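Here is the structure we will look at, set down as structure tokens.
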Amino acid sequence: MDKELVTMRNQIMLFVLFLLMTSKVTTADFVTTSTTDVPSTTPGPLYPFGAGDTVSSRSDDGSSPPITLEQPFVYFGKPYQQIYVNHNGHLTFNEAFASYKPYRFPAFSSRDLIAPFWTDLDNRWNGTISYRQYSSGSGAVLQQATQDINQYFPNLGFSVNWVFVATWDKVAYYNNFGTEITFQVVLIAGGQSSFILMNYGEIAPTTQDIQAGYNTVNSIHYFSIPGSFQSNDTTFSNTSNVSVAGRWAFQTNGTFNKPGSNI
């Protein structure tokens, strides 16, 4: 009888483990953060990440806690003072957003959304999602951002005083553990001007829908990066609107939001 009970207990434990590996979990169940101690790396067009970053929890369809910004980020006329890094490849401002099924831009929705790579991702088994702010005392990153923005948007005389970097490093697609997708979104601000960079490393092929770009409330402003909603498209690492493979740049403080001569 004792052996039968042990066998039954083991079967139940295996079944529960199977459910955890194959089912969706809620955002609220796994919202914790820690600080990574791995070295900073900058493959391809990516900004530095790793050492000093806050690492988001290992959770399917999860999100960071609300991140208080060290200075407001102006997103098409709206100054936001907090942001969420959502695990399925997007940023939101007012609340966490667990959606793993992207919609096409323009969406005419009620949400401001920045989506470097919106699809169904899962960092429970491989990959790291991390983020970090840079301001005073972060000279190298601020200098790099200043140089990049003045190159892509000449005649502005722009000077950066704040940068926010969120990185998805070697994260897997849902239910496809072992695949690796690396990308990044960089928010840049200085004075009354604000910009977004979307940087792409290695992108594994997938049959899942992907939406990359940005969308505002009612789609007054939006942009869909070519390759979005195209089957098995891995061109994000090779395309650009600023002649840097794997990088897209946008100005977000007003109506002029793209380097028009490079689109």
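Worth a mention:
- Averaging the Cα positions of each part gives two centres, and for the range 56-83 and the range 139-156 these lie 23 Å apart.
- Amide proton proximity set for ASP233, modelled H, under 5 Å, gap of 5+: THR206
- Along the range 92-98 the Karplus relation, 6.51 cos²θ - 1.76 cosθ + 1.60 evaluated at θ = phi - 60°, assigns HN-Hα couplings of 9, 10, 8, 6, 5, 9, 8 Hz to successive residues, with x for each Gly and Pro.
- Extending 7 Å from Cα along the Cβ direction at ASN238 and again at GLN143 yields two label points whose distance is 3.4 nm.
- Residues in the range 203-217 carry Karplus couplings, in order, of 10, 6, x, 7, 9, 6, 6, 10, 10, 10, x, 8, 8, 10, 3 Hz; the curve used is 6.51 cos²θ - 1.76 cosθ + 1.60 with θ = phi - 60°, and Gly or Pro positions show x.
- Computed about its Cα centre, the charge dipole of the range 59-182 is approximately 180 debye, with only Lys, Arg, Asp and Glu carrying charge at their Cβ.
- Computed lengthening from ASN126 to ASN150, 0.36 nm per intervening residue step minus Cα-Cα distance: 5.0 nm
- What the phi angles of the range 59-74 give under the Karplus curve with 6.51, -1.76 and 1.60, with θ = phi - 60°, is a coupling list of 7, 6, 6, x, 7, 6, x, x, 9, 6, 7, 5, 8, x, 10, 8 Hz, glycine and proline written as x.
- Legend: calculated FRET efficiency, SER109 to ALA245, from the Cβ-Cβ distance at R0 = 51 Å, rounded to 0.05, equals 0.95.
- Low-density loop positions, chymotrypsin sites (Phe, Trp or Tyr not before Pro), the range 197-226 - DSSP coil, at most 16 other Cβ in 10 Å: none
- Of the three principal axes defined by the Cα atoms of the range 95-248, the extents in descending order read 45, 34, 32 Å.
- For the range 104-159, fraction of C-alpha pairs farther apart than 14 Å, in %: 74
- Remark on THR252: its backbone amide H falls under 5 Å from those of SER194, PHE195, ILE196, a criterion applied only to residues 5 or more positions apart or on other chains, H modelled at 1.01 Å from N.
- Mean Cα-pair separation over length for the range 144-263, i.e. relative contact order, pairs under 8 Å, 6 or more apart, %: 19
- The range 86-173: chymotrypsin sites (Phe, Trp or Tyr not before Pro) in DSSP coil with no more than 14 other Cβ atoms inside 10 Å: PHE108, TRP125
- Counting only DSSP beta bridges whose two residues both lie in the range 108-263, roughly 95 percent are antiparallel.
- Long-range amide H partners of HIS221 with built H, under 5 Å: THR216
No lab work stands behind these numbers, since they all come straight from the coordinates. Owing to the predicted nature of the structure, the values given are computational and were not obtained by experimental measurement. Using ideal geometry, Cβ is built from the backbone for each residue, glycine included, and neighbour counts are taken over all protein chains shown.
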